[in-house]
Amino acid sequence: MAPSVFISARDGDLKHVKRTLDEGGNVDGREPKTEATCLHFAAKGNHPDIVTLLIKRGANVNLANKEGATPLHEAAAQGCQACVQVLLEGGSRLEAKDKTRQNAIHLAAFYGKDQCLAAMLEFQEKKEMEERTVQASTAKGEPELLVDQKDILGMTPLYYAAKNGHEACVRILLDAKADPLVRNNTGSTSLHAAASGDCFAVVERLFQACGPDPFLQLKDRKARTPSHICKDERLALLLEGEAYETEIAEKEPPGEEEDPPCMEKAAQPLPRAESPPPRMEGTESHQVQINKGVELFSRWIPITVEQLLESLHVE
């Protein structure tokens, strides 16, 4: 196939692509350098009309390029929702992996393409519902969820979404039952990822999904908890406060519980500040700051992370 047709597919020149096919061009012809097909170029360029034409002319939607990526990988990475939908309906395999063992869901989560991510997971859910009877009668165990598949580094889509601060993608993946406790090759979880990127909204979302206790004592292979790798001292204090509260609760003997001294005066939910508070000055001891974290987490439900952080300001 002439090189110009790949450019036409990339740039959305439907007439030229159609003419080339009418003249006998190979619908699955590959660009020599990348081994990509016209379908790869059209999907990456977000041209659903060309994608539709190529599929109708018999293009193989699951051919991989030199990197092992299918057209669905390309469309998902670029956030081309219309192309994703056409490709899925045309037979694209969501479980297909590139040379790094990433599927299209990994890429949508990594780049924060929440609409593409939602479209793929919705399609997969419908497909699973249709096949559920057959699977129930033949499967020996629960199949691995696509949302929990690991790439070559042991990363799941949720890990990438948390690391890069894509809150909408995190919410979508958690709704699809992604497991936030899955570890990568270095022993890190999605909360480690969120903490290392100082993603306050993502940390809050993870807490809401599973509660803080399962996360905060988890250590990676370097024995680091999420608070250890947190760059923002305010978020680190928040994480340390909850870990401290958990430790105290575990040490208390059974029987009637008494409020610790820092809990004696219950405060009302804090009002929102009109402007961000100034940076904390080291005017109080570390233990006092941790105690404030304890007090705040005892009131986790009625207040937000923003209010938590505002209240950690030392006057």
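Every number here is computed from the coordinates shown, using simple stated rules; none is lab data. Everything numeric here is computed off the predicted structure, so don't read it as measured data. Cβ: placed from backbone, ideal geometry, glycine included. Neighbour counts: every protein chain shown.
Tabulated data
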| quantity | calculated |
| --- | --- |
| Total residues in the range 83-109, condition under 21 Å from the mean Cα position of the chain (by Cα), of a type outside the set (D, E, K, R), within 19 Å of residue 46 (Cα to Cα) and surrounded by fewer than 23 Cβ atoms within 10 Å (Cβ to Cβ) | 3 |
| Every residue from the range 175-205 that is assigned to a helix (DSSP H, G or I) and touching a Pro at 6+ places or on another chain (Cβ under 7 Å) | 190, 191, 192, 195 |
| Number of positions in the range 54-70 that are assigned to a helix (DSSP H, G or I) and either hydroxyl-bearing (Ser, Thr, Tyr) or closer than 11 Å to residue 9 by Cα (or both) | 1 |
| Residue under evaluation residue 56, criteria (1) surrounded by fewer than 18 Cβ atoms within 10 Å (Cβ to Cβ); (2) under 24 Å from the mean Cα position of the chain (by Cα), criterion not met | (2) |
| Residue 150, sole failed condition from (1) within 10 Å of the chain's Cα centre (by Cα); (2) within 21 Å of residue 95 (Cα to Cα) | (1) |
| The range 110-127, residues that are buried (at least 18 other Cβ atoms within 10 Å of the Cβ) and in contact with a Leu (Cβ under 9 Å, 6 or more places away or on another chain) | 113, 116, 117, 119, 120, 121, 124 |
| Filter result for the condition that a residue is surrounded by fewer than 19 Cβ atoms within 10 Å (Cβ to Cβ) and either part of a helix (DSSP H, G or I) or charged (D, E, K, R) (or both), over 40, 73, 16 | 16 |
| Where a residue in the range 171-182 is buried (at least 16 other Cβ atoms within 10 Å of the Cβ) and its partner, wherever it lies, is among the basic types (Lys, Arg), with Cβ under 8 Å and at least six apart | 171/205; 174/205; 182/150 |
